[in-house]
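*Asks:* Quick one: structure below, then a few questions.
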């Protein structure tokens, strides 16, 4: 979690279709390190306390109109001070005019100057969402990630317990594979984890005795997905005779990943158990719980009512 992740300005430009007015060097060599952005209204009037030049600065209609109304000398001083702070990039929204004066100060201080036709609020939302994913804290876990009935299910367990075979069976039943063997997990918000496969092994599954299988080619594009939110963690473990497993579902267990608690269950594995069907039921049951229907609690209440003679 302590690693610092970056994204190149080139990828930001491509993702958000930005027009490059001026680049001091290739966009691929310019890196963005923070997912926050800023509208520099206060810095333009001279208040630079807590100002972070590492944020992408966005000049919208309000900032543009303010600059237009300033006397020439004051506007030049204001722009010179602003660009001298060396922000990582400046984006002008709404296809507003980029004056030669603004461009000259960007060139003088080697600050990337970009433009978009999008409305300021819409552009900020899209930019923050993109940067939040690209710069999110992340870890890689050994496991399998599948989408079952719209739920992201992370399968964990020792090597050889049957995670990949179960994933293939789920794909055959119409569900989708996101990652096998290694799952790259990102914390994209205070409540959400998103998993995906490292690019090198994306859409591949390893089956012992067969080898590497390309799920996309064998089962089609509908059998794979690039990323998915993690809704439930299922720990697969070899059946241990005599061990007490949860039979009612009243115990609420969670697994902490990157500071976020995800509901988790343990499913014992033994010959004759159809893991694919069990995981389908677990996915539907988890979805029901999120909708406010907890079968285990309802059943327990019926037992209590029956014991009390109600």
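*Asks:* Restricting to the stretch 40-55, count the residues that are crowded, with 18+ Cβ neighbours inside 10 Å, assigned to a loop (DSSP other than H, G, I, E, B) and touching a helix residue (DSSP H, G or I) at 6+ places or on another chain (Cβ under 8 Å).
*Replies:* Looking only at that region, the number is 1.
*Asks:* What number goes with the only condition from (1) at pLDDT 95 or above; (2) out of contact with any helix residue (DSSP H, G or I) (no Cβ under 8 Å at 6 or more places or on another chain); (3) not assigned by TED's automatic domain parsing to the domain that holds residue 258 that residue 123 does not pass?
*Replies:* Failed condition: (2).
*Asks:* For the stretch 133-180, which residues satisfy the criterion of being assigned to a loop (DSSP other than H, G, I, E, B) and within 23 Å of the chain's Cα centre (by Cα)?
*Replies:* 135, 136, 137, 149, 150, 175
*Asks:* Right, another one. Would you check which residues across the stretch 56-76 are part of a helix (DSSP H, G or I), under 39 Å from the mean Cα position of the chain (by Cα) and touching a residue at least 12 places away in the same chain (Cβ under 8 Å) and list them?
*Replies:* Residues satisfying the conditions are 61, 62, 63, 64, 66, 67.
*Asks:* Turning to a different aspect of this structure: Answer yes or no as to whether residue 150 is crowded, with 17+ Cβ neighbours inside 10 Å and either more than 18 Å from residue 54 (Cα to Cα) or not assigned by TED's automatic domain parsing to the domain that holds residue 40 (or both).
*Replies:* Here the answer is no, as residue 150 does not meet what is asked.
*Asks:* For residue 30, are the conditions met, namely being surrounded by 13 or more Cβ atoms within 10 Å (Cβ to Cβ), touching a residue at least 12 places away in the same chain (Cβ under 8 Å), assigned by TED's automatic domain parsing to the domain that holds residue 130 and more than 22 Å from residue 135 (Cα to Cα)?
*Replies:* It is false that residue 30 is surrounded by 13 or more Cβ atoms within 10 Å (Cβ to Cβ), touching a residue at least 12 places away in the same chain (Cβ under 8 Å), assigned by TED's automatic domain parsing to the domain that holds residue 130 and more than 22 Å from residue 135 (Cα to Cα).
*Asks:* Among the listed residues 296, 223, identify the single one that is in contact with a helix residue (DSSP H, G or I) (Cβ under 6 Å, 6 or more places away or on another chain) and farther than 14 Å from residue 155 by Cβ.
*Replies:* Checking each option against the conditions leaves just 223.
*Asks:* Are there any strands (runs of 3 or more DSSP E) wholly within the stretch 221-310 with 2 or more residues that are over 30 Å from residue 134 (Cα atoms), and if so which?
*Replies:* The qualifying strands (runs of 3 or more DSSP E) are 232-238, 260-269.
*Asks:* Have a look at 194, 188 and point out the one that is within 28 Å of the chain's Cα centre (by Cα), at pLDDT below 90, within 25 Å of residue 134 (Cα to Cα) and assigned by TED's automatic domain parsing to the domain that holds residue 157.
*Replies:* Being within 28 Å of the chain's Cα centre (by Cα), at pLDDT below 90, within 25 Å of residue 134 (Cα to Cα) and assigned by TED's automatic domain parsing to the domain that holds residue 157 holds for just one of 194, 188, which is 188.
*Asks:* Only residues that are closer than 14 Å to residue 227 by Cβ and assigned to a helix (DSSP H, G or I): list them for the stretch 181-200, please.
*Replies:* Within the stretch 181-200, 199 is the sole residue that qualifies.
*Asks:* Still on this structure, I have one more. Any chance you could count how many residues in the stretch 99-132 are assigned to a loop (DSSP other than H, G, I, E, B) and crowded, with 20+ Cβ neighbours inside 10 Å?
*Replies:* 3
*Asks:* Select from the stretch 63-101 the residues that are within 16 Å of residue 42 (Cβ to Cβ) and in contact with a strand residue (DSSP E or B) (Cβ under 6 Å, 6 or more places away or on another chain) and list them in ascending order.
*Replies:* 87, 90
*Asks:* Here is a list: 96, 79. Which entry is buried (at least 18 other Cβ atoms within 10 Å of the Cβ), in the same structural domain as residue 111 (by TED's automatic domain parsing) and not in a helix (DSSP H, G or I)?
*Replies:* Checking each option against the conditions leaves just 96.
The values are calculated or read from the model by the stated rules, or taken from the named source; none is laboratory data. All values reported here derive from a predicted model rather than from experimental measurement. Glycine also receives a Cβ, built like all others from the backbone with ideal geometry; neighbour counts cover every protein chain displayed.
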